[in-house]
Amino acid sequence: MQKRVIAVHDISCVGKCSLTVALPILSACGIECSVLPTAVLSTHTGGFTGYTFRDLTDDLEPIIKHWQSLDLHADAIYTGYLGSFRQLDIVNMLFDTLGKDAIKLVDPVMADNGLLYKGFDMDFAAGMRDLCKKADIVIPNITEASLMLGEECVYESKAPEYWHKLIDGMLSLGPKACVLTGTMRDGKTIGATYGADGVYGDCIKNRIEGYYHGTGDVFGSAFLGAYLNGKSVQQSVDAAVIYTIAAIERTYKAGTDRKYGVDFEGALPVLLDLIK
Ligand code: PXL
């Protein structure tokens, strides 16, 4: 049976991230991607000014209710950028109903490089921490994990002890696995470090200079695509890191304006090769 994911993210109409990334990557991995759009924005909020924002909070519950009447089955629920504080409760309810038997993957999208994104505050971080208690797998970056745990944020830390403290803090909330993104051995590398089943592991590779938008969503979607194709957490982290860096490399070589997102489309053969 083909697997189905319910992807709970915004639609940023331009500037590849969230649903415009999750849909094609999961589809390429052979997985049906149903969507619960949290908001519609003309662009994402990082690097553009004057963007529109349509909050879809009031639409979410009626959509979920309709799905309940269909007895819809989901193998996984993958949440990312939420459009309001109230959506945390709605996702909680989705987890308890249609998500009872699903793998719940939470990317607590709200911050990076030591700063909250526009529109998010510490109350949201506390609410997101509560939602993470219900997740099977969480994939925060260092900034998000430290904000949720009330730890010092050292987003350029090269110390495994610090990463492991954040990972253990997230695991103590309840998830079975935590993949911490943005870990580095030195200024020339980047990747992800995880804790699961009592072990730590990582995949850290050579870094391409600069901040590329939407790469967290490329990483999360590739990770889930690999995981639902039967790969282990280590193999899924490896696939997602190698693929994300391949997409960044193509964008770097093409010289594209980084705020429009990375060429994850052109790099798809790399991902498919890694998960086959
Ligand atoms: O990729 C994370 C993300 C998703 N959606 C929107 C964003 C961001 C990051 O800034 O602004 C709307």
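Quick notes
- When the strands (runs of 3 or more DSSP E) confined to the stretch 1-46 are screened for residues that are within 16 Å of the ligand (Cβ to nearest atom) and of a type in the set (A, V, I, L, M), those reaching at least 3 such residues are found at 39-43.
- Residue tally, condition surrounded by fewer than 22 Cβ atoms within 10 Å (Cβ to Cβ), closer than 12 Å to ASP217 by Cα and in contact (Cβ under 8 Å) with a residue 40 or more places away in the chain, over the stretch 21-60: 1
- In the stretch 185-203, residue farthest from the chain's Cα centre (by Cα) [restricted to those that are acidic (Asp, Glu) and not in a strand (DSSP E or B)]: ASP186
- Scanning the stretch 73-114 for residues that are within 16 Å of the ligand (Cβ to nearest atom) and loosely packed, with under 13 Cβ neighbours inside 10 Å turns up just one, ASN113.
- Pairs meeting the criteria (first residue in the stretch 76-93 and touching a residue at least 12 places away in the same chain (Cβ under 8 Å) and in a helix (DSSP H, G or I), second residue away from the ligand (no atom under 13 Å from the Cβ) and among the β-branched types (Val, Ile, Thr), beta carbons under 9 Å, at least 6 apart or on different chains) are ARG86/THR57; GLN87/THR57; ILE90/THR57; ILE90/ILE64; VAL91/ILE77; VAL91/VAL106; MET93/ILE64.
- Filter result for the condition that a residue is within 25 Å of ASP71 (Cα to Cα) and either touching a His at 6+ places or on another chain (Cβ under 8 Å) or not hydrophobic (A, V, I, L, M, F, W, C) (or both), over ASP136, ASP112, ASP107: ASP136
- Pairing each residue of the stretch 154-183 that is in contact (Cβ under 8 Å) with a residue 40 or more places away in the chain with any residue that is of a type in the set (Ser, Thr, Tyr), provided the two are 6+ apart or on different chains, yields C-beta distances under 7 Å for TYR155/THR143; ALA177/TYR194; CYS178/TYR194; VAL179/TYR194; LEU180/THR193; LEU180/TYR194; GLY182/TYR155; THR183/THR193.
- For beta carbons closer than 6 Å, sequence separation of 6+ or different chains, a first residue in the stretch 207-225 that is more than 9 Å from THR244 (Cβ to Cβ) and a second that is at pLDDT below 95 and within 9 Å of the ligand (Cβ to nearest atom), the qualifying pairs are HIS213/GLY46.
- Residues (part of a loop (DSSP other than H, G, I, E, B), over 20 Å from the mean Cα position of the chain (by Cα) and more than 16 Å from HIS44 (Cα to Cα)) located in the stretch 250-265: GLY255, THR256
One line per residue, one yes/no per condition, for (1) among the aliphatic types (A, V, I, L, M); (2) in contact with a Phe, Trp or Tyr (Cβ under 7 Å, 6 or more places away or on another chain):
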{"site": "LEU228", "(1), (2)": "yes, no"}
{"site": "ALA240", "(1), (2)": "yes, yes"}
{"site": "THR251", "(1), (2)": "no, yes"}
{"site": "THR256", "(1), (2)": "no, no"}
{"site": "LYS259", "(1), (2)": "no, yes"}
{"site": "GLU265", "(1), (2)": "no, no"}
{"site": "VAL270", "(1), (2)": "yes, yes"}
{"site": "LYS276", "(1), (2)": "no, no"}
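The values are calculated or read from the model by the stated rules, or taken from the named source; none is laboratory data. Note that the structure is predicted; figures quoted are calculated from it, not measured. Backbone-built Cβ (ideal geometry, glycine too); neighbour counts: all protein chains shown.
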